[in-house]
Amino acid sequence: MNHVVVIGNGISGITAARTVRKLNADVRITVISAETDYFFSRTALMYIYMGHMTFEDTQPYQKWFWPQNRIDLVRGYVQAIDTEARTLHLGDGQTIGYDRLVLGLGSSYNLFGWPGQDLHGVQGLISKPDLDEMERNTRGIDHAVVVGGGLIGIEMAEMLHSRHVHTTFLVREKTYMPKALPAEEGMMIVRHVKDHGIDLRMATEFEAILGDDAGRVRAVRLKDSGEEVACQFVGLTVGVHPNIDILKDTPIETGRGVMVDEHMQTSVPGVYAVGDCAQYRVPPPGRQPIEPLWYTGRMHGEVAGRHICGVPAPYTPGLFFNSAKFFDIEYQVYGPIATKPIDGIDSLYWEHENGLHAIRIDYNADDHTVRGFNLMGTRYRQNVCFEWIQNGAEMPYVLENLGQANFDPEFYKQHEKEVVAVYNRKHPNRAVTLRRRRSLFKNPFAYIARLRGEAGRTQETGDSLPAKNVDVTPGSDKPGSGSTA
Amino acid sequence: MTHDASFSLAAPTTELDTRQRIGLAVFGLGLLSLLVAWAMDGGSPVLASSLGFGLTIGGGLIYFWAKYLGKPAGIRNDGLTFSPTTSKGWIGWILGVVFTGFYVLLYWIPGTLEGLIRITDPLSYTLRGKAADQWFLYGTFYTIAVLTMGVRMIFKYRHSKYQIIRTLSVMFFQLGFGFTIPGLLVMFNQPEFYFSYFWPLKYDYLFPGTVNYLTQSGGVGVFMIFWGAVMTFIATPVLTYFFGKRWYCSWVCGCGGLAETLGDPYRQLSDKSMKAWKIERWMIHSVLLWVTVLTAALWINSAMDGALLGKASRTYSKVYGFVIGAAFSGVIGVGFYPIMGSRVWCRFGCPMAAILGLQQRFFSRFRISTNGGQCISCGNCSKYCEMGIDVRWYAQRGQNIVRASCVGCGVCSAVCPRGVLNLENGPRGDQRFNSPGPVFISTDSVRVLTEEPGAQSTDLAVSK
């Protein structure tokens, strides 16, 4: 093996290249991209448009990084892949041979053949060229329509809003992102988006995009009502799909994406697929066949890089987690969350009266073991939540120590008490008292009291034992968290 | 395959609403009255100062009120990279020249500021019982800047209790310890002393000349020496052990206070390159070495009755005062805000920051914790780090950030869109450097054959 070639300089392809370099000092590594000269954080595209960062700021590595790690960057479009001859044909006529090939082809945005989808001023948003196009398309306009209620849709609405463009936002569903968010959280986002002055219309679809004589968008006609919303820009954000057209004439097996095993190997030996374009033959438990997420892309890159270097480790993503930010409301999720009521799963939900903070904890109804955390406008520690979920910690234990999970900045109001109160109202016979607030920032008095206690009764290890006034259920004394005490 | 098509387009305009325009107009009128009074050698000082200061402060507050309070609370950095004020555009350069020019006049040609100095006479008589001098003028401008821009900071970050409390703290210390108390001391014929500045930032507080002078000025003077020595040698290491250098740099210090208020619009201009970091380490530790050697030499000289340095001892301290005290901390430190960011002095020059940094790096419980695998490498943390730390470098690897230069302003944590970063004081040990639970299969667990050069030179983030 002399030459590893990666197509695509997104997070998964770049992670594959970096992993190979970490494990092998000698192999030649080339990364080919048609999109940009350097790796950048795709998730930060919105901040360039909003004027928070320049494009250079979104590049996680400085320019010296690539020559020093001997990762060759090639700007070019791969037109054909010859898997027999292990050769890539680039648009400019160049050919590049490879011994191992990693496909990090990414996604394209969905178009469903809507009338008017090809008009000027109508586009989706995935790539840097898309962003440049949006920059051109939205200069000096005053009204835009965004279609589709996912993460990119809300980002696009926020981007346009930051440029003082009045935005009508059409979402087919009744609550926001019902596949990921329970109704309460979904409605919280709906209210928040409207509070920002976005003309958000839930349960609304469009029928056609209308153009003027010059072929430029002039309005969107809504289904049912027939109302025409005048606009000079339409953002189409109704999902993405793997960007695999380039593989049509190759023997590489594809479904919706490139079919891969647990080492990210495709059907052709020596060829791997990572990131948004990969589709698992056997999805890991609790995972979708295609995972267009930042951190799974990183994991894919590491898995492929390790297999290439002969130190394989299968893709085992573990518990689900994710995060996002909807205008000003941050969102974190750890573990599976029931988006609709499910038999056998109970859910504890607390929401602040200002509608900007919410904490949800799902647990099994029978033994009250914790299943997952859904946080809105509140930060929780991933490692603490994961340990509780993985060890099957029971709710009384979790709630007593809930403060350990809190990751909000110092001086922020902590709401764990209110969460515990909700549980106590639901289950008066299991009433719990919150013991710990933060895990690192300790109450000095509690700390001194505990030291005294330990001095008196050395056999006790304070933290892992349940408080005496708690209705102890079996197993609740499991050491549930990575206490730093 | 288009190369950055956006460059070919004119930058989007930053729109101002009516209230913002009114605020700017009022501010402009205030500025105008200050200039007129300057030209008229003070004119009528009471009228000039009430008009000049009243209108600039009032106009500024109207502008910030309109800009921030009209929108929901949250991170509002919209348009910063487009604005000619905050992205090294023409307004930024003009401001840089104005700030720099003011410092040059203040330090070396104070006579030209006579008209402005006279404006502050009424305030000076009230507070200190005597006429103003150039340093009183400077203190007045400085305090007004910290207070007014402090209110802006609070408006802007009003969703963050950490930012509110921290900003109130620097405003309090500037108004009380940096302005009012020194003024009252003058009023009561005591040495003008700043209880919130210590050696080696206020380098002459431990010089033999100052110590002798304070000793001779009676009980209060002796207390001042005692206070300065205790703060430098006992309080500083203890507080830094528990809270990191932020207890001083972003909560108490006047230089830090100005950077965190007047400098906030420019924090993103700090240089994040590896090269800048190298220069920073060389420069700041050289200044620390210089002031330490100078202080020691002055004391040895003093003990030897001047046999070591002779008459040159004054020259040595004057050279330091000129190069570091005036040129670096003033002219470059503040004058270059709109060009090099708000912490040029704190990052490259301040010997106090150097000491606190060494303590923070090696003997502190402070760190910025990274939350598992949520980082998306967006770069907001690095962009808005006024100290030029590439916070993302650590965050995306799941590593905690323990860097000598971090002043703990907390803005990286505030701008993070995924809840990844948090300032914490906690037990030391391996946990201080590494996130307890890396999510990715490699990053830490893979045996590294060829370490990336970045990881080597970020010697502060060595894994166990």
State all residues of segment A:335-365 that are of a type in the set (S, T, N, Q), in contact with an Asp or Glu (Cβ under 9 Å, 6 or more places away or on another chain) and surrounded by fewer than 16 Cβ atoms within 10 Å (Cβ to Cβ); if no residue qualifies, say none. A:Asn364
Residue check: is A:Ala80 open to solvent by 20 Å² or more (accessible area, probe 1.4 Å), among the small types (Gly, Ala, Ser) and more than 9 Å from chain B (Cβ to nearest Cβ)? yes
Can you name every one of the helices (runs of 4 or more DSSP H) wholly within segment B:212-290 that holds 3 or more residues which are of a type in the set (Gly, Ala, Ser)? B:219-230, B:254-261
Since B:Thr81 meets every condition but one in (1) open to solvent by 50 Å² or more (accessible area, probe 1.4 Å); (2) within 26 Å of B:Gln163 (Cβ to Cβ), which condition does it not meet? (1)
Checking A:Gln332 against (1) surrounded by 22 or more Cβ atoms within 10 Å (Cβ to Cβ); (2) over 23 Å from A:Met1 (Cα atoms); (3) more than 10 Å from chain B (Cβ to nearest Cβ), the condition it does not meet: (3)
Qualifying positions in segment A:163-185 - surrounded by 20 or more Cβ atoms within 10 Å (Cβ to Cβ) and outside any strand (DSSP E or B): A:Arg163, A:Val171, A:Thr175, A:Tyr176, A:Met177, A:Leu181, A:Pro182, A:Glu185
Got at least one residue in segment B:51-62 being assigned to a helix (DSSP H, G or I), closer than 27 Å to A:His164 by Cα, within 14 Å of chain A (Cβ to nearest Cβ) and open to solvent by 50 Å² or more (accessible area, probe 1.4 Å)? no
Residues to consider are B:Ala312, B:Ala307, B:Ala326; find the one that is outside any helix (DSSP H, G or I) and among the small types (Gly, Ala, Ser). B:Ala307
For segment A:106-128, which positions are open to solvent by less than 40 Å² (accessible area, probe 1.4 Å) and closer than 21 Å to A:Thr204 by Cβ? A:Asn110, A:Gly116, A:Gln117, A:Leu119, A:Gly121, A:Val122, A:Gln123, A:Gly124, A:Leu125
Do you know which of the residues in segment B:178-207 that are open to solvent by 40 Å² or more (accessible area, probe 1.4 Å) and in contact (Cβ under 8 Å) with a residue 60 or more places away in the chain is nearest to B:Trp247 (Cα to Cα)? B:Tyr194
In segment B:139-165, which residues are closer than 26 Å to A:Glu330 by Cα, part of a helix (DSSP H, G or I) and touching a Gly at 6+ places or on another chain (Cβ under 7 Å)? B:Tyr162, B:Gln163
Residue that is over 22 Å from A:Val4 (Cα atoms) and either of a type in the set (Asp, Glu) or more than 8 Å from chain B (Cβ to nearest Cβ) (or both), where the choices are A:Phe326, A:Phe321: A:Phe326
Filter segment A:32-43 for residues that are surrounded by fewer than 24 Cβ atoms within 10 Å (Cβ to Cβ) and among the hydrophobic types (A, V, I, L, M, F, W, C); which is nearest to A:Gly76 (Cα to Cα)? A:Ala34
Might you check whether a residue that is crowded, with 21+ Cβ neighbours inside 10 Å, in contact with a Cys (Cβ under 9 Å, 6 or more places away or on another chain) and touching a residue at least 40 places away in the same chain (Cβ under 8 Å) occurs anywhere in segment A:186-197? no
Residue check: is B:Asp271 open to solvent by 60 Å² or more (accessible area, probe 1.4 Å), acidic (Asp, Glu) and either away from chain A (no Cβ under 14 Å) or within 19 Å of the chain's Cα centre (by Cα) (or both)? yes
First in segment A:372-384 and at the interface with chain B (Cβ under 8 Å from one of its Cβ atoms), second anywhere and among the β-branched types (Val, Ile, Thr) and part of a loop (DSSP other than H, G, I, E, B), Cβ under 8 Å, 6 or more apart: A:Gln382/B:Val439
Check segment A:5-18 and report whether any residue there is surrounded by fewer than 20 Cβ atoms within 10 Å (Cβ to Cβ), charged (D, E, K, R) and either on the phi > 0 side of the Ramachandran plot or facing chain B (nearest Cβ under 8 Å) (or both). no
Keeping to segment A:259-305, report how many residues are touching a Pro at 6+ places or on another chain (Cβ under 7 Å) and of a type in the set (Asp, Glu). 2
Being in a helix (DSSP H, G or I) and within 11 Å of chain A (Cβ to nearest Cβ) is the filter; apply it to segment B:392-403 and report the residue that is surrounded by the fewest Cβ atoms within 10 Å (Cβ to Cβ). B:Trp393
Determine whether segment A:292-309 contains at least one residue that is surrounded by fewer than 23 Cβ atoms within 10 Å (Cβ to Cβ), out of contact with any Gly (no Cβ under 7 Å at 6 or more places or on another chain) and of a type in the set (Lys, Arg). no
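Yes or no, residue by residue, for (1) of a type in the set (D, E, K, R); (2) facing chain B (nearest Cβ under 9 Å); (3) in contact (Cβ under 8 Å) with a residue 40 or more places away in the chain:
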residue: A:Ala273; (1), (2), (3): no, no, yes
residue: A:Cys277; (1), (2), (3): no, no, yes
residue: A:Arg281; (1), (2), (3): yes, no, no
residue: A:Leu293; (1), (2), (3): no, no, no
residue: A:Val303; (1), (2), (3): no, yes, yes
residue: A:Arg306; (1), (2), (3): yes, yes, yes
Can you list the helices (runs of 4 or more DSSP H) found entirely within segment B:341-388 that contain at least 2 residues being small (Gly, Ala, Ser), surrounded by 24 or more Cβ atoms within 10 Å (Cβ to Cβ) and within 11 Å of chain A (Cβ to nearest Cβ)? none
Take residues that are β-branched (Val, Ile, Thr) and tell me which of the helices (runs of 4 or more DSSP H) falling wholly in segment A:1-109 contain 1 or more. A:11-23, A:45-50
Filter segment B:208-251 down to the residues that are within 17 Å of B:Thr143 (Cα to Cα) and open to solvent by 20 Å² or more (accessible area, probe 1.4 Å) and list them by number. B:Trp251
Could we say that B:Phe433 is over 29 Å from the mean Cα position of the chain (by Cα), at pLDDT 50 or above and either open to solvent by 40 Å² or more (accessible area, probe 1.4 Å) or at the interface with chain A (Cβ under 7 Å from one of its Cβ atoms) (or both) here? no
For segment A:376-411, the count of residues that are hydroxyl-bearing (Ser, Thr, Tyr) and more than 25 Å from the chain's Cα centre (by Cα) equals 1
Segment A:129-147, subset surrounded by fewer than 21 Cβ atoms within 10 Å (Cβ to Cβ) and either away from chain B (no Cβ under 14 Å) or of a type in the set (Lys, Arg) (or both), residue nearest to A:His241 (Cα to Cα): A:Arg136
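The values are calculated or read from the model by the stated rules, or taken from the named source; none is laboratory data. As the structure is a computational prediction, the values presented were derived from the model and not from experiment. When we count neighbours, we look across all protein chains shown, and the Cβ atoms used for this are built from the backbone with ideal geometry, even at glycine. Remember, those area values only see protein heavy atoms, side chains included, never the ligands or the DNA or RNA. Shrake-Rupley method; radii C 1.70, N 1.55, O 1.52, S 1.80 Å.
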